[in-house]
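Trainee: Got a structure for you, questions after.
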Amino acid sequence: MTRSAFDYVDGVLHAEGVSAVSLAEQFGTPLYVYSRAALTAAWNAYAGACAGRRASVHVAVKANSNLAVLNVFARLGAGFDIVSGGELARVLAAGGKAENTVFSGVGKQAGEMRDALAAGVKCFNVESIPELDRLNAVAGEMGKKAPVSLRVNPDVDAKTHPYISTGLKSNKFGVAFEDARATYQAAAAMAHLKVVGIDCHIGSQITEVAPYLDAIDKVLELVEQIEQDGITIRHIDVGGGLGITYDDETPPEIGEFVRTVLDRIEVRGHGHREVYFEPGRSLVGNAGVLLTQVEFLKPGAEKNFAIVDAAMTDLARPAMYDAYHAIEPVVKRDVPAHVYDVVGPVCESGDWLGRERLLAVEPGDLLAIRSAGAYGFVMSSNYNTRGRAAEVMVDGTQAHVVRAREEAQQLFAGETILPA
């Protein structure tokens, strides 16, 4: 996904046809800004590569769950991948269809299962025998038969950050590869479950196709063994995890990636099965920026600090993953450039957004933190009693508030003090 939705016009950063300066003036900072055009272009890259193939796309809600973002995809005909009952409620509120939604996640509660069964979700991606037992019991109580796919852990190294690698033996996710065949037999024997597919997800921010192909080869071998046991596998869910360019990464183009995966499955003799993709970051990551204002420039003995009004509470990825996000002035100014650590106001040494960045800025200037559309707002918090940022969607020359900024009183509205 290119960053073309966020370009400079006469030295001023624009989101599509709207100046980022005007957005900050109108809506304040910190401010998440999303581009409808960028979301649509990324979706079309997936949908175009799947056209004419037995393949469908389910948007990973966890990457960005704003209702307006989900609604853009729902209008385009997307399916969805959820990991909680709350995400199911968001999908339905945004116009998504339960029958085109797969329910993933390692710790589904019984109430979440009931809600998903009542709504009629497409499939449950199950990750353990205890979860199979629980789903079988819940479905039985409701007089239903739950469609299930087992998430198999292929023990493939996705060559990504250890916190977002999910396909190794040491990860909490999925059924161990060597246990998968027996687990499928157990699932097939449960009266209120119907085995419909197999699922695999090896990690996130993956910038090579090779780990996917390694995982697919192992999964297809397993499918052949499972069907020898008399269990039919109708679909193969290859998960998500395709990376984006934050700095100098060179992930494969979306269409190339999809076609390579589908071609491998067909060459291996499994083209009659439907294939599910579950992209998140590659759909929304470069469709959003975080705008923040420089409060102070603080020189130090060893480092200079640009103290901004955004913080780890707004964008947790740098503090959590040591993640890199490009940071640029919204207005290109003819002032001396200096090297700064860009830090927020939260009382933690880990509250930083970028280290050693060469910036030509003065107090009061705006900065744009790039590639903030995925795992940005969704991971934000109210630490230090900070209201979460507003979110805006730009559509051409129009800007729409899609989530209002939180005020302090909202943060403790549900709290009470002890009686006198």
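Read-outs: derived from the displayed coordinates by stated rules, not from any lab. Small disclaimer: the values here were computed from a predicted structure and weren't measured. With ideal geometry, Cβ positions are generated from the backbone for all residues, glycine too; neighbour counts draw on all protein chains shown.
Trainee: Take each of the peptides 286-293, 270-277, average the number of other beta-carbon atoms within 10 Å over its residues, and list them starting from the highest.
Mentor: Per-residue Cβ counts within 10 Å, averaged per peptide and sorted highest first, yield 286-293, 270-277.
Trainee: Which FRET efficiency, nearest 0.05, do R234 and E362 yield, Cβ-Cβ r, R0 56 Å?
Mentor: My answer for the efficiency is 0.40.
Trainee: Output the relative contact order of the chain, whole-number percent, from Cα pairs under 8 angstrom with separation of 6+ residues.
Mentor: About 19 percent, as a whole number.
Trainee: Which order, highest average first, do 182-195, 306-319 follow once you tally other Cβ atoms within 10 Å for each residue and take the mean per peptide?
Mentor: My ranking of the peptides, most packed first, is 306-319, 182-195.
Trainee: Something else: Using only Cα atoms, locate the centre of the stretch 256-328 and the centre of the stretch 7-62, then give the distance between them in Å, rounded to an integer.
Mentor: If you average the Cα positions of each part, the centres end up 13 Å apart.
Trainee: Shifting gears a bit: Kindly provide the GluC sites (Glu not before Pro) of the stretch 335-420 that DSSP labels as loop, not H, G, I, E or B, and whose Cβ sees at most 11 other Cβ atoms within 10 Å.
Mentor: When the GluC sites (Glu not before Pro) of the stretch 335-420 are filtered for loop state and at most 11 Cβ neighbours within 10 Å, E407, E415 remain.
Trainee: Could you work out how far apart the two model spin labels at E253 and D10 are, taking each label as a point 7 Å from the Cα in the direction of the beta carbon, and quote it in nm?
Mentor: 3.4 nm
Trainee: Here's another thing I want to ask about it. Starting from the Cα of A420, step 7 Å along the direction of its Cβ; do the same at Q26; then give the gap between the two resulting points in nm.
Mentor: Calculated label separation equals 4.9 nm.
Trainee: Right, another one. Where the only charges are on Cβ atoms (+1 Lys, Arg; -1 Asp, Glu), what is the dipole of the chain about its Cα centre, to the nearest 20 debye?
Mentor: In total the dipole reaches around 1020 debye.
Trainee: Show me 36-45, 113-122, 21-30 ranked by packing, highest mean number of other Cβ atoms within 10 Å first.
Mentor: 36-45, 113-122, 21-30
Trainee: How large is the helix-only mean residue ellipticity at 222 nm for the chain, computed as the sum of -39500 (n - 2.57) over DSSP H runs with n ≥ 4, divided by its residue count, in deg cm²/dmol to the nearest 500?
Mentor: -8500 deg cm²/dmol
Trainee: If you don't mind, there's one more thing I want to ask. DSSP beta bridges in the stretch 105-277, what fraction antiparallel, as a percent rounded to 5?
Mentor: Among the beta bridges of the stretch 105-277, antiparallel pairing accounts for roughly 5 percent.
Trainee: Further question: With everything on Cα atoms, drop me the angle between helix 110-119 and the longest principal axis of the chain, reported from 0 to 90° to the nearest 10.
Mentor: 80 degrees
Trainee: Still on this model: Starting from the 7 Å offset along Cα-to-Cβ, what nm value, one decimal, do you get for the label separation of A413 and R54?
Mentor: Distance between the two pseudo-spin positions: 5.0 nm.
Trainee: Mind running the shape call on the stretch 35-108? Use the C-alpha gyration tensor, a ≥ b ≥ c as the square roots of the eigenvalues: rounded below 1.5 for a/c, prolate if a/b tops b/c, oblate otherwise.
Mentor: oblate
Trainee: Counting only DSSP beta bridges with both residues in the chain, what percent are antiparallel, rounded to the nearest 5?
Mentor: 45 percent
Trainee: At 0.36 nm per residue, and after removing the present C-alpha to C-alpha distance, how many nm does the segment from E266 to A189 gain when stretched out fully?
Mentor: 24.7 nm
Trainee: Below 8 Å, C-alpha to C-alpha, sequence gap of six or more: please give me the relative contact order for the stretch 105-277 in percent.
Mentor: That works out to 20 percent.
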